[in-house]
Amino acid sequence: MSANSPAAVVVLAAGGGTRMKSNSLPKVLHEVCGRSLVGHAVAAAEELTPRQLVVVVGHMREKVQEHLAAHYPAARAVVQTEQKGTGHAVRTALESLAADGVELDGTVIVTTGDAPLLTGATLSALAQAHTEQGNGVTVLTAVVPDPFGYGRILRDRADGAVAAIVEEKDASDEQRTIDEINSGVFAYDAKLLAEALSRVTTDNVQGEEYLTDTLEILRTAGHRVGAVVATDYRDILGINDRVQLAQARRLLNDRLLDQAMRAGVTVVDPATTWFDVQVSYEPDAVVLPGTQLKGTTHLGEGCEVGPNSTIKDTAIGAGAHVSNTTADRAEIGELASVGPYAYLRPGARLARRAKVGTYVEVKNSELGEGAKVPHLSYIGDATIGEGTNIGAASVTVNYDGVNKHRTVVGAHCRTGSDNMFIAPVTIGDGAYTAAGSVITGDVPAGALGVSRAQQRNIDGWVLRKRSGTDSARAAYVAQAREVAPAEGDKG
């Protein structure tokens, strides 16, 4: 925390968000690119290292408080019991701090909990301009292509200060042509903010305390009202419904992909590729179409992911190839190969050059260096040693209906196709198991484990038991063909 850090950042996140049409989730907890709306606001605020970070909550406050406590414990949640306007929300935050003996001195940033594109850099520019210009309050504004519905910024022609903010419904035809709008984000001098809020009234149609009223109060008292124009107008876009939520997700995803590509990642088709904000990467990684990278996923140098893969909270090693795969909280080692059509569940850990092939599911299991599970298998709660090959259609039978048990297969083993490993069971180093075996006991190192019934054939069964079927007719013809040459030889 530096000497230039704001005294506080107050995030307004108490609104109901009725246009989201959600009965179970408050607006500010809807997600964009792996982070809640309020999470984006808090993350941007944290970049300023404020001395106090306050989030004002109201609608479904218990859920928002739980979310903040779990993911942003440094943020103080303050309850606005009744939503009586933005001015009331900020006053509630300041009163909560004062009740705990916190006296603010310096800059207070007020921002919103529903603007996921707003960056820490934009907030920092606002705070810096506020201090340098010596303003009582500084408004973050934006010049937008379509200002309809927004409050217009009226500037003093003499010095460029903000003379007023006029809402759409109150604006004249001439004022509606103004394309500079209010973002709802402000920087204040802490002392002046507290004083102005004490003078805000509810003398309006809504009967609420409007934060924007503080601008006129401070201006009338002789304090300058400044403005900073956001470099990218999209920074200030708020979310009111699910259409805008999808638009913001697209915009933020484009930013994330641009950053990745400029850092050396090849994204073959940005239109069908999605990154979460916490995804990290190294140069020369390649992401193929239809791929979603979620959570804290990391791409190692030169790895290739996709197409059509969903990867969450998974580390992918350098040079690995992951195709048509779903992975969740897994580890994929250097030069490993996964897919196509594989499923790595939590706890799947693949060492260097390990292979998980087509239609293979792995859960809570380790594959050693060079180990292979190429086809049609389920590996759960298992340890597979280095250089071992698991035959096709194999299953580690790990659950007895009450507890999970572990299968251990040693190094350089060769297990046959269609094996069932009834855990707990251990296969020693270098051992083999025969195809079709149900392995219920340990197999010593270097041994061959066989567990299957001896085959017997019952001649004529189909003709006797399935008479009149296609199978019976085919069998009859085949048998006649086998007999005919023998009868010819007798002649």
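Summary table below
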read-out: Rounded Å value of the spacing that divides the Cα centres of region 190-215 and region 265-329; value: 49 Å
read-out: Listed pairs Lys27/Lys63; Lys21/Lys63; Lys63/Lys294; Lys294/Lys372 exceeding 19 Å between Cα atoms; value: Lys63/Lys294; Lys294/Lys372
read-out: Lys/Arg +1, Asp/Glu -1 at C-beta; the chain dipole; positive extreme among Leu48, Ala411, Ser24; value: Ala411
read-out: Principal-axis tilt of helix 86-99 within the chain, Cα atoms, nearest 10 degrees; value: 90 degrees
read-out: In region 69-122, the GluC sites (Glu not before Pro) that fall in loop regions by DSSP, at most 14 other Cβ within 10 Å; value: Glu82, Glu103
read-out: The chain, accessible surface, carbon-and-sulfur percent (1.4 angstrom probe); value: 49 percent
read-out: Stokes-Einstein D (µm²/s) once Rh is taken as the Kirkwood radius of region 200-252 over alpha-carbon pairs, at 4 °C in 1.567 mPa s; value: 91 µm²/s
read-out: Share antiparallel - DSSP beta bridges, region 314-424, percent rounded to 5; value: 5 percent
read-out: Alpha-carbon Rg/Rh ratio, for the chain, with Rh computed the Kirkwood way; value: 1.22
read-out: Extent along principal axes [Cα atoms of region 78-230; Å; largest to smallest]; value: 47, 37, 34
read-out: Label-point separation in nm, Ala447 to Val286, each point 7 Å along Cα→Cβ; value: 4.7 nm
read-out: Heavy-atom accessible area per residue - the chain, 1.4 Å, Å²; value: 48 Å²
read-out: Per-selection Kirkwood Rh - region 43-158 (Cα, Å, 1 d.p.); value: 16.2 Å
read-out: Sum of side-chain charges, Glu208 neighbourhood, beta-carbon under 11 Å (Lys, Arg +1; Asp, Glu -1); value: -3
read-out: Built amide H within the under 5 Å cut-off of Gly357, gap 5+; value: Gly339, Val373, His375
read-out: Residue-averaged [θ]222 nm for the chain, counting only DSSP H segments that reach four residues, each worth -39500 (n - 2.57); value: -7000 deg cm²/dmol
read-out: Folded to 0 to 90 degrees: helix 37-46 orientation relative to the chain principal axis, Cα; value: 70 degrees
read-out: Gain in span if fully extended, Arg157 to Val402, counting 0.36 nm per residue against the direct Cα distance; value: 80.5 nm
read-out: Size of region 258-315 as Cα extents on the principal axes (Å, biggest first); value: 21, 21, 18
read-out: Beta bridges per DSSP with both ends in the chain, % antiparallel, nearest 5; value: 20 percent
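The values are calculated or read from the model by the stated rules, or taken from the named source; none is laboratory data. Being a predicted model, the structure only gives us computed values, none of them experimental. A quick note on method: Cβ atoms are made from the backbone with ideal geometry, for glycine too, and the neighbour counts reach across all protein chains shown. Side chains included, ligands, DNA and RNA excluded: accessible areas come from the protein's heavy atoms. Shrake-Rupley method; radii C 1.70, N 1.55, O 1.52, S 1.80 Å.
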